[in-house]
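The next block holds one structure in the form of structure tokens; read it before the comments.
The values are calculated or read from the model by the stated rules, or taken from the named source; none is laboratory data. Fair warning: this is a prediction, and the values are worked out from it, not measured in the lab. Ideal geometry is used to build each Cβ from the backbone, glycine not excepted, and the neighbour counts take in all protein chains shown. Ligands, DNA and RNA are stripped out before the accessible areas are found, and what is left, the full protein with its side chains, is counted by its heavy atoms. Shrake-Rupley method; radii C 1.70, N 1.55, O 1.52, S 1.80 Å.
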Amino acid sequence: MDAGQGPAGHRQTGQRPTGERRTAILGAAARLFAARGYRGVTIDDLGRAVGTTGPALYRHFPGKEALLGEVLVDISDRLSRRGRELVAGAGGPRDALEALLRGHIEFSLDEPDLITVHDRELGNLTEEDRSRVRRLQRGYVEEWVGVLTELRPASRPAALRASVHAAFGLLNSTPHSRGALSRDEMAALLLRMGSAALLAGDPVPGPG
């Protein structure tokens, strides 16, 4: 039996934990996957991390693969929903851009394990979960592109999307780049750098 699958004959209820219990399970899974890698974690490790047993987790998740999918779909969904809320509540495009930057910086500083897991383990998702993650991420990117379209109306959509992805690379570098800076210092630095990068003009085309 594969370590990522439920035990033979085990009846899956299909129920998902809710509230604090769900948050605890997903948080523990993210920490373990980030520290040891997906293949270095067993379902028993995951159970112990939340004060239960591996078989007890099968009441909620069919196996390790499904739990990894839940971790990455959950954060993609949270970022997408939060992005929509921030843009809808902003007083204009500059306010919206600052709100998006602050929201993403908060995520990158507070949940670095999720960045590590996404970067390293996306290929271990089922095709269905990988498609869900990518769809949610595209929606999140388009919230940023919509704001930049108002701030940089002369820029091509392709350049704006490239700017957003490049900015994400900068903001998501915090698991590796924070160093000795305090959280507030790093947040302020990322806000300045992210804003400057996203508002930079398009490159001058080369001779070709």
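Extension gain for the segment Ala90 to Asp184, taken as residue separation times 0.36 nm less the Cα-Cα distance, is 31.6 nm to one decimal.
Averaging sequence separations of C-alpha pairs under 8 Å and six or more residues apart, then dividing by the length of the chain, give the relative contact order as a whole percent. Provide the component values of the computation, followed by the final result.
Numbers: 216 pairs, mean separation 44.1, N = 208.
Reported relative contact order: 21 percent.
Note on the range 80-128 and the range 16-54: Cα centroid distance 22 Å, given to the nearest whole angstrom.
Its Cα centre serving as origin, the chain has a Cβ charge dipole (Lys and Arg +1, Asp and Glu -1) of approximately 220 debye.
In the chain, a dipole from Cβ-located charges (positive for Lys and Arg, negative for Asp and Glu) runs towards its positive end, and of Leu181, Gly92, Thr116 it is Thr116 whose Cα lies farthest in that direction. Overall size of the range 31-136 from C-alpha positions, given as principal axis extents largest first: 50, 26, 24 Å.
Around the Cα centre of the range 136-178, unit charges on the Cβ atoms of Lys, Arg, Asp and Glu (plus for the first two, minus for the last two) sum to a dipole of about 140 debye. Eigen-decomposition of the gyration tensor built on the alpha-carbon atoms of the range 119-176 gives equivalent ellipsoid semi-axes of 25, 15, 8 angstrom, largest listed first. Net charge dipole, the range 26-66: roughly 60 debye, given to the nearest 20, about the Cα centre with Cβ charges of +1 for Lys and Arg and -1 for Asp and Glu. The residue list Leu57, Ala28, Leu160 was ranked by how far each Cα lies along the charge dipole of the chain toward its positive end, using unit charges on Cβ atoms, and Leu57 comes out on top. Each of Thr42, Thr174 has its accessible area taken with a 1.4 Å probe; listed largest first, they run Thr42, Thr174.
Straightening the chain between Arg36 and Leu170 buys 45.8 nm, computed as 0.36 nm per residue apart minus the Cα-Cα spacing.
Dividing the summed -39500 (n - 2.57) terms of all DSSP H runs of n ≥ 4 by the residue count of the chain sets its mean residue ellipticity at 222 nm at -22500 deg cm²/dmol. The stretch between Glu106 and Asp44 holds 19.2 nm of extra length on full extension. This uses 0.36 nm per residue minus the Cα-Cα distance.
Here, the chain is characterised by an Rg to Rh ratio of 1.04, where Rg is the alpha-carbon radius of gyration and Rh the Kirkwood radius.
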